[in-house]
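> Mind looking over this structure? Questions follow.
The values are calculated or read from the model by the stated rules, or taken from the named source; none is laboratory data. This one's a predicted model, so the numbers in the text were calculated from it and none came from an experiment. Backbone-built Cβ (ideal geometry, glycine too); neighbour counts: all protein chains shown. Side chains included, ligands, DNA and RNA excluded: accessible areas come from the protein's heavy atoms. Shrake-Rupley method; radii C 1.70, N 1.55, O 1.52, S 1.80 Å.
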Amino acid sequence: MNIIWGADGVARGNFAGINIWCICGIPEGVILPVKDSKKTNKKQRAEIVEQIKNKCIWALGSSSPQQIDSFINGINAAEQLSLMSAYKLLQNRGYQIREVYGDLGMPSISGFKAIKLKDADNFMPAVSAASIFAKYALDLYWERVHEHYPQYEFTKNAGYGVKAKEAITN
């Protein structure tokens, strides 16, 4: 079976929260209604993720705020850890991944050839699927965090700096 692999991550520039990367493999012949996650809303992402779960191969990896803060290289090292975690999950399931498509910002890790293309999440379905799945996972994360810290409105700002959040922290 021929599989096209793509990877994408979310939460690189946020002030709070985790970093998530997804690797998604789309088997030959599978068609998904995917596009860049930034062009979808929560409801659309949830619907598309159900199709990805049923038709594709996927794994998520993440780095906690504590891990991000502990690295000398901060978010860059955290992204490598998140991507490597997803890759190792797929390896442990028996998948041999030789190359993975991603955007120019995809970190390089050992184990596979990273094919970095400008705006890959706009035209590579495997990268778009990974983008949507990672953003969906981040949506779920912020819903759980919001239950404990509703005053920060994380379900609205996803940990990114916005005026409402700045007003609370000042």
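> Local charge sum around residue 116 (other residues, Cβ-Cβ under 14 Å, Lys/Arg +1, Asp/Glu -1)?
Residues close to residue 116 contribute a combined charge of -4.
> Helix 42-55 against the longest principal axis of the chain: what's the angle in degrees, Cα atoms only, rounded to the nearest 10?
30 degrees
> Here's something else I'd like to know. Among rounded, prolate and oblate, which fits the range 61-129 when a ≥ b ≥ c are the square roots of the eigenvalues of its C-alpha gyration tensor, a/c under 1.5 means rounded, and a/b larger than b/c means prolate?
Cα axes put the range 61-129 in the oblate bin.
> Also, I was wondering about something else. Which longest uninterrupted range of the chain lacks any trypsin sites (Lys or Arg not before Pro) assigned by DSSP to a loop state (not H, G, I, E or B) and surrounded by at most 15 other Cβ atoms within 10 Å?
13-92
> Something else about it: By a straight-distance test (C-alpha under 29 Å), which lysines pair with residue 118 as possible cross-link partners, with residues fewer than eight away in the same chain excluded?
Of all the lysines, those that pass the test against residue 118 - Cα under 29 Å, at least 8 places apart if same chain - are 35, 38, 39, 42, 43, 53, 55, 88, 135, 156.
> Calculate, for residue 123 and residue 156, the FRET efficiency according to 1/(1 + (r/R0)^6) with r their C-beta to C-beta distance and R0 25 Å; round to the nearest 0.05.
After rounding, the FRET efficiency stands at 0.25.
> Pop out the carbon and sulfur fraction of the accessible area of the chain as a percent, whole number, probe 1.4 Å. Display every interim value, and only then the final one.
Values: 4680 of 9080 Å².
Result for the chain: 52 percent of the exposed heavy-atom area is carbon or sulfur.
> Next question. So with the 1.4 Å probe, I'd like the accessible area per residue for the chain, rounded to whole Å². Please list the in-between numbers first.
Values: 9080 Å² over 170 residues.
For the chain, the per-residue accessible area is 53 Å².
> Rg/Rh for the chain to two decimals, with Rh computed the Kirkwood way over all alpha-carbon pairs.
Details: Rg = 15.9 Å, Rh = 16.3 Å.
Radius of gyration over Kirkwood radius for the chain works out to 0.98.
> For the range 84-97, what does the Karplus curve 6.51 cos²θ - 1.76 cosθ + 1.60, with θ = phi - 60°, yield as ³J(HN,Hα) per residue in whole Hz, taken in order and with x for Gly and Pro?
Result, ordered by residue: 4, 4, 5, 4, 5, 4, 5, 4, 5, 8, x, 8, 9, 9 Hz.
> Residue by residue through the range 106-121, which ³J(HN,Hα) values in whole Hz follow from phi under the Karplus form 6.51 cos²θ - 1.76 cosθ + 1.60 (θ = phi - 60°), with glycine and proline marked x?
With coefficients 6.51, -1.76 and 1.60, one gets 5, x, 8, 9, 6, x, 8, 7, 8, 9, 9, 10, 4, 6, 4, 5 Hz.
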